[in-house]
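Colleague: Shown below is the structure under consideration.
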Amino acid sequence: MSIEKSGSYLKKIGPGIITAALIFGPGSLTINTKLGASYGFSLIWVIVLAMVFMTAFTAMTTKIGLSGSVSLIEKIKNELGKPLAYIVGIGVFLVTASFQAGNTIGASVAFSELFNSSVIFWIALFTSLAISLLFFKSFYKILEKLMIGLVMLMLTSFLLTIIMAKPDLIAIMRGLIPNIPSGSEYLIITLTASSFSIVGAFYQSYLVREKGCAPEDLQDSLSESRTGIIILGLLSTMVMLCAGAVLKNNNIEVKNAADLGMALEPLFGSFTSKAFMIGFFAASFSSMVGNATIGGVILADTFFSESQLSNIRVRMMIVLVIVIGAIVAFIFGSLPLQLIIFAQGITVMIVPVSAGVILFFANSKKMSTELQNTRYLNVMGYLGIAVLLIMSMYSVKYLFF
């Protein structure tokens, strides 16, 4: 492939890459690390299943984004009523704001470990850097290039770690066969929720509009979103393989993903440890910027009917999410348990509603025939909502009773 063609291809897959980068953050890293450390490779099948659902819902939101001149929140206001639009919009904002501190801390801890320095300094630096990106004239182009770069950095870092760890290929193949190890039920739900992100799928409709795609770009746009989801699945699987090969096989206890990076050094040397921590930073900083962008765009669209990244109100709402994350990070130094429970509670309520809204508009008669849902997407849509409802009910019971 020539350099020119390679550059053109990377430019094409931008929205899909952004979706993958903003979903795969320190939360996903931590969940995959814990599952790999506890159950080895036996839950790889959960990642594959989550990717199938995620691919279906991003295909729906891609079509919705291509279908008209108004955003998804505006469609909800016009056709389903403003109260529902406010519930979904504010809910998405609260979810992103609640998890923003984890992204900020994740990026900062990675560099704090690499350079043996204060985490507070890195929190201030990366918060300032994230905010400064908003004031570039072409913020979307900057965002796209940044996410592509960080995702490539993640893929390289985790691949190098896997090569050093040498996981058992037979055990990996067995992990594709569905089974539920005892005690893994809630972690499986958490893994599914972190990979099958309705909030990320919801925002895909905004990304294709921001890029200026038209209905005739349908096949390219679907291909872009699939590529992004495949990359998301690869990143999740790589981290689980690293954790399974290093932590489980060596009986090392793990509390978060950063522990995996530290565990690598005595086993494989400082190079492998640093490679993983660079990937950990890339995952955290990409989600720090991307997560804030989702929350800010959706909140601005909800209250001001503005969703273009060039709009000053949109940028101010993105700053609001970044600042909330920084304040929580400064005060607590970690993501407080109460905030995790609050975020999970909001997610439990918002995600099935948002998925139902996506499915409703994906079947709208106002869309052209080629943009309406296929039978396959409808089946996956209803199955996906059923999975989300089951997860929600289990989460309510686990968290609050």
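Colleague: Any idea what diffusion coefficient the range 115-210 gets from Stokes-Einstein, in µm²/s, Kirkwood Rh on alpha carbon pairs, 37 °C, 0.692 mPa s? Can you show the working numbers first?
Modeller: Working: Rh = 17.9 Å.
In µm²/s, the coefficient is 183.
Colleague: Moving to a separate point now. Radius of gyration and Dmax for the range 21-400's Cα atoms, expressed in Å?
Modeller: 19.9, 60
Colleague: Rounded to the nearest 20 debye, what is the charge dipole size of the chain about its Cα centre when +1 sits on each Lys and Arg Cβ and -1 on each Asp and Glu Cβ? If you can, show how the numbers build up before the last one.
Modeller: Numbers: 25 positive and 18 negative charges, 80 e Å.
For the chain, the charge dipole is close to 380 debye.
Colleague: Let me ask something else. So how tilted is helix 14-23 from the main axis of the chain? Cα-based, degrees 0 to 90, rounded to 10.
Modeller: Roughly 60 degrees, rounded to the nearest 10.
Colleague: For the range 57-99, with equal point scatterers placed on the C-alpha atoms only and solvent neglected, what are the log10 I(q)/I(0) values from the Debye formula at q = 0.24, 0.25, 0.27 1/Å, to two decimals?
Modeller: -0.89, -0.92, -0.96
Colleague: A further question on this structure: Please order Leu22, Leu222 by the number of other Cβ within 10 Å, starting at the fewest.
Modeller: Values: Leu22 28, Leu222 18.
Fewest-to-most Cβ neighbours within 10 Å comes out as Leu222, Leu22.
Just so you know, all these numbers are worked out from the coordinates, no wet-lab data involved. Owing to the predicted nature of the structure, the values given are computational and were not obtained by experimental measurement. Note that each Cβ is placed from the backbone with ideal geometry, even for glycine, and that neighbours are counted across all protein chains shown.
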